[in-house]
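Read the structure below first, then the notes.
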Amino acid sequence: MKRALLLAGSILCATALPIAAAEHVIDQKGKKFIPSKITAKVGDTLVFMNSESKRRRHNVYTKSPAFKYVKIKVQRPGESGQITLKNPGSFTVLCSFHPRMKLNVTVTE
Ligand SMILES: [Cu+2]
């Protein structure tokens, strides 16, 4: 009987757990965001890496008003930074050092 109650309790706990937020790793290499397009959910985290072999720096920003918090200051090779997505919508991530670098992000509820 005690065992049955324990089992019932653990099933309840398991179903009550929220779905874990995902991490999306975006590399910055060869003056490109890799991948160049992602879809994420509110609560997910974007992890930006700089995997350049030379001394090439990058940064992360967007012109989209709803996503002004998507911003990482200068990243040197080997450094990484992360941003948790707070709202749905879509925006383009840019790098001020390399105007051709673009990452399209779509965030769903
Ligand atoms: Cu860059």
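Annotation: of all residues in segment 27-48 being out of contact with any His (no Cβ under 7 Å at 6 or more places or on another chain) and more than 16 Å from residue 105 (Cβ to Cβ), the one that is surrounded by the most Cβ atoms within 10 Å (Cβ to Cβ) is 29.
Scanning segment 47-83 for residues that are out of contact with any Phe, Trp or Tyr (no Cβ under 6 Å at 6 or more places or on another chain) and either among the aromatic types (Phe, Trp, Tyr) or without any contact (Cβ under 8 Å) to a residue 24 or more places away in the chain (or both) yields 48, 54, 55, 61, 65, 68, 69, 73, 74.
Here the strands (runs of 3 or more DSSP E) wholly within segment 27-97 that include at least 1 residues being near the ligand (Cβ under 10 Å from one of its atoms) are 32-34, 45-50, 58-62, 72-75, 89-94. In segment 27-44, the residues that are more than 22 Å from residue 86 (Cα to Cα) reach residues that are among the basic types (Lys, Arg) and outside any strand (DSSP E or B) with C-beta atoms within less than 8 angstrom, at least six apart or across chains, in these pairs: 31/56; 31/100. Of the residues making up segment 98-109, those that are of a type in the set (Lys, Arg) and part of a strand (DSSP E or B) number 1. Every listed requirement among (1) within 16 Å of the ligand (Cβ to nearest atom); (2) surrounded by fewer than 18 Cβ atoms within 10 Å (Cβ to Cβ) is met by residue 21 save one, (1).
We did not get these values from a lab; they are worked out from the coordinates using the rules stated. The structure presented is a predicted model; accordingly, all values stated were derived computationally and were not measured. Cβ: placed from backbone, ideal geometry, glycine included. Neighbour counts: every protein chain shown.
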